[in-house]
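S.K.: Take this structure, written in structure tokens, and hold onto it; I'll ask about it next.
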Amino acid sequence: MKMTIRKAMLSQTRSKSTEELEKYSVRVCNAIENTEKFQNSNIILWFWSLPDEVNTHDIIQKWAQKKTILLPKVVGEKLELYQFTDIDSMVIGEFGISEPTGKVFTDYKKIDLCIIPGLAFDKEGGRMGRGKGFYDRFLPQTNCHKMGICFPWQIVSKIDCAPWDIRMDEVVSCEL
């Protein structure tokens, strides 16, 4: 079931033009900025988006001087967090993905908001990632509000979550 949903979500996203994805990304990021949780958060875990995810590059750069922005980096089976300062602090990593460098952040309980990607979400906060479980292992170390973000077609009626799958407190998207 999960594999079917993953394939369908990736197929729908890949069927959109770069311009369409960017238009949706701007709308989703505007919706995030308008949430009370975002406005009241000082330390935020974001993610540096892949081409098939809501584009977070501009919003991260916009807020990096006003809030503490953290970005994850996969190291073995876990996520390490780094404070984002500017685009020049990013390097191309082992898998051709831009990764943060600089100051490591380890005081996870101080994170106010975690903004999490997913291939699909349901209305109850169920999340389907890419299947490696990095966020499911990391998030229990925090006390933060968990905000899933996605394109509108990535919201499905139900995701069968395992006991270890971490639910989102909120899912932010935009209208089609």
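Readers should treat all values here as calculations from the given coordinates under stated rules, not as data from a laboratory. Computed from a predicted model, the values in this text were never measured in an experiment. Cβ coordinates were reconstructed from backbone atoms using ideal geometry, including for glycine residues, and neighbour counts include every protein chain displayed.
S.K.: Less than 18 Å apart at the alpha-carbon level, and either on another chain or at least 8 residues along: which aspartates and glutamates does that give for residue 132?
M.R.: 52, 53, 77, 80, 94, 99, 160, 165
S.K.: Follow-up. How long are the semi-axes of the equivalent ellipsoid of the stretch 85-176, defined as square roots of 5 times the Cα gyration tensor eigenvalues? Whole Å, largest first.
M.R.: 25, 17, 13
S.K.: So if I take the centroid of the Cα atoms in the stretch 101-176 and the same for the stretch 37-89, what is the distance between those two points in Å?
M.R.: After rounding, the separation between the Cα centres reads 14 Å.
S.K.: Turning to a different aspect of this structure: If you take the charge dipole of the chain about its Cα centre, with +1 on Lys and Arg Cβ and -1 on Asp and Glu Cβ, which of 117, 102, 168 is farthest toward its positive end?
M.R.: Of the options given, the answer is 168.
S.K.: List the chymotrypsin sites (Phe, Trp or Tyr not before Pro) within the stretch 63-124 that fall in a DSSP loop (any state other than H, G, I, E or B) and whose Cβ has at most 16 other Cβ atoms within 10 Å.
M.R.: 95
S.K.: Nothing charged except the Cβ atoms of Lys and Arg (+1) and of Asp and Glu (-1): what's the magnitude of the dipole of the stretch 2-172 about its Cα centre? Round to the nearest 20 debye.
M.R.: 320
S.K.: Related question: Semi-axes of the equivalent ellipsoid of the stretch 2-51: what are they in whole Å, largest first, if each equals the square root of 5 times a C-alpha gyration tensor eigenvalue?
M.R.: 26, 15, 10
S.K.: Another question about this same structure. Give me the distance in nm between label points sitting 7 Å out from Cα along the Cα-to-Cβ direction at residue 153 and residue 33, one decimal.
M.R.: Once both label points are built, they end up 2.6 nm from each other.
S.K.: Further question on the same structure: Taking every pair of alpha-carbon atoms in the stretch 16-81, what share in percent sits in each 10 Å bin, from 0 to the bin with the longest distance?
M.R.: With a bin width of 10 Å, the distribution comes to 19, 47, 28, 5.
S.K.: If we count every other residue with Cβ under 12 angstrom of residue 166's Cβ, Lys/Arg +1 and Asp/Glu -1, where does the sum land?
M.R.: Summing Lys/Arg as +1 and Asp/Glu as -1 gives +1.
S.K.: Go through 73/110; 62/109; 16/73; 16/146; 23/73; 7/66 and tell me which ones have a Cα-Cα distance over 29 Å in this structure.
M.R.: Among 73/110; 62/109; 16/73; 16/146; 23/73; 7/66, the Cα-Cα distance tops 29 Å for 7/66.
S.K.: Could you list the square roots of 5 times each eigenvalue of the Cα gyration tensor of the chain, that is, the equivalent ellipsoid semi-axes, sorted largest first and rounded to whole Å?
M.R.: Taking √(5λ) for each eigenvalue gives 23, 19, 17 Å, largest first.
S.K.: Loop only per DSSP, at most 15 neighbouring Cβ atoms within 10 Å: give me the trypsin sites (Lys or Arg not before Pro) in the stretch 85-165, ordered by residue number.
M.R.: For trypsin sites (Lys or Arg not before Pro) across the stretch 85-165 that sit outside H, G, I, E and B with at most 15 neighbouring Cβ atoms in 10 Å, the list reads 103, 123, 130, 132, 158.
S.K.: Now for a separate question. Find out how many positive minus negative residues lie around residue 131, taking Lys and Arg as positive, Asp and Glu as negative, among other residues whose Cβ is under 9 Å from that of residue 131.
M.R.: For residues surrounding residue 131, the net value is +4.
S.K.: Note down the nm distance, to one decimal, between modelled labels 7 Å out along Cα→Cβ at residue 4 and at residue 65.
M.R.: 5.1
S.K.: Once the piece of chain linking residue 58 and residue 16 is laid out straight, how much longer is it, given 0.36 nm per residue of separation minus the C-alpha distance between them?
M.R.: Residue separation times 0.36 nm, minus the Cα-Cα distance, leaves 13.1 nm.
S.K.: Same structure again: When the expected Rg is taken as 2.2 N^0.38 Å, what fraction or multiple of it is the alpha-carbon Rg of the stretch 123-176?
M.R.: Dividing the Cα radius of gyration by 2.2 N^0.38 Å gives 1.13.
S.K.: Oh, and also: Under a Cβ-Cβ cut-off of 9 Å, what is the net charge of the residues other than residue 155 that fall near it, where Lys and Arg count +1 and Asp and Glu count -1?
M.R.: In short, 0.
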